[in-house]
Amino acid sequence: MNGQFQIAMHILTLLSKQPDELLSSAYIAGSININPVLVRKEISNLRSFGLIESKEGKDGGYSLGKPAHQITLADVYVAVKNQSALGQAKNMPNPACPVGKQINGHLNNLALEVDTSIINKLSKTTLAAFSDQFE
């Protein structure tokens, strides 16, 4: 997995720590130390999952789409997950090989088990609980 989960968690934690303010993408990007374009891209994705709301205009910005205690870290993982935690090979193994003809099925089962374990672990922690670690 790439750094999307970390970026998403940084964004959501910032928003949860300042619930009465609308934060700009420039402010968020400054905290993460990345380009605001990357922040807006991730925010767009998180908005599509209902985790972030936005307000347009001069006084606009971003806030959480629902209370932090209703967002689990599993919700964030699902929102940003774009491939298996174990990755995916681009080549097709030789179907005449005893290993090659079976490897993808076994690896897919393993990847499903790993993803299920990750989701189960992350579902036990809310964004509010995670954010409470920060002063």
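The values are calculated or read from the model by the stated rules, or taken from the named source; none is laboratory data. Model, not experiment: these values are computed from the prediction. Counting neighbours? That spans all protein chains shown, and the Cβs are built from the backbone with ideal geometry, glycine included.
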Report task. Would you mind stating whether R40 is part of a helix (DSSP H, G or I) and touching a Gly at 6+ places or on another chain (Cβ under 9 Å)? Result -> no
Query - Residue match in segment 7-18 (condition: at pLDDT below 95 and of a type outside the set (V, I, T)) - result: yes
Requested in this report: Output the residue which, of all residues in segment 114-135 that are at pLDDT below 95 and charged (D, E, K, R), is nearest to the chain's Cα centre (by Cα).
Outcome: D115
Query - Meets criteria (within 19 Å of the chain's Cα centre (by Cα) and of a type outside the set (K, R)) for Q102 - result: no
Query - Where N104 falls short, out of the listed (1) in contact with a Pro (Cβ under 8 Å, 6 or more places away or on another chain); (2) within 18 Å of G3 (Cβ to Cβ); (3) among the polar types (S, T, N, Q) - result: (2)
Report summary line: Of the residues in segment 115-128, those that are free of Cβ contacts under 8 Å to residues at least 40 places away in the same chain and surrounded by 13 or more Cβ atoms within 10 Å (Cβ to Cβ) come to D115
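Matching residues to (1) crowded, with 18+ Cβ neighbours inside 10 Å; (2) closer than 21 Å to I118 by Cα; (3) free of Cβ contacts under 8 Å to residues at least 24 places away in the same chain:
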{"site": "G3", "(1), (2), (3)": "no, yes, yes"}
{"site": "S31", "(1), (2), (3)": "no, no, yes"}
{"site": "V39", "(1), (2), (3)": "yes, no, no"}
{"site": "I43", "(1), (2), (3)": "yes, no, no"}
{"site": "I52", "(1), (2), (3)": "yes, no, no"}
{"site": "K55", "(1), (2), (3)": "no, no, no"}
{"site": "G61", "(1), (2), (3)": "yes, no, no"}
{"site": "D75", "(1), (2), (3)": "yes, yes, no"}
{"site": "Q83", "(1), (2), (3)": "no, yes, no"}
Query raised in the report: Scanning segment 90-114 for residues that are surrounded by 10 or more Cβ atoms within 10 Å (Cβ to Cβ) and touching a helix residue (DSSP H, G or I) at 6+ places or on another chain (Cβ under 8 Å), which turns out farthest from V78 (Cα to Cα)?
Result: N94
Query raised in the report: Could you count how many residues in segment 2-37 are outside any helix (DSSP H, G or I) and in contact with a Lys or Arg (Cβ under 7 Å, 6 or more places away or on another chain)?
Result: 1
Query raised in the report: On the given criteria, is N82 modelled with pLDDT under 90, under 29 Å from K17 (Cβ atoms), of a type outside the set (F, W, Y) and within 19 Å of the chain's Cα centre (by Cα)?
Result: yes
Query raised in the report: Restricted to segment 8-29, and to residues that are more than 21 Å from G57 (Cβ to Cβ) and in contact (Cβ under 8 Å) with a residue 40 or more places away in the chain, which residue is surrounded by the most Cβ atoms within 10 Å (Cβ to Cβ)?
Result: L12
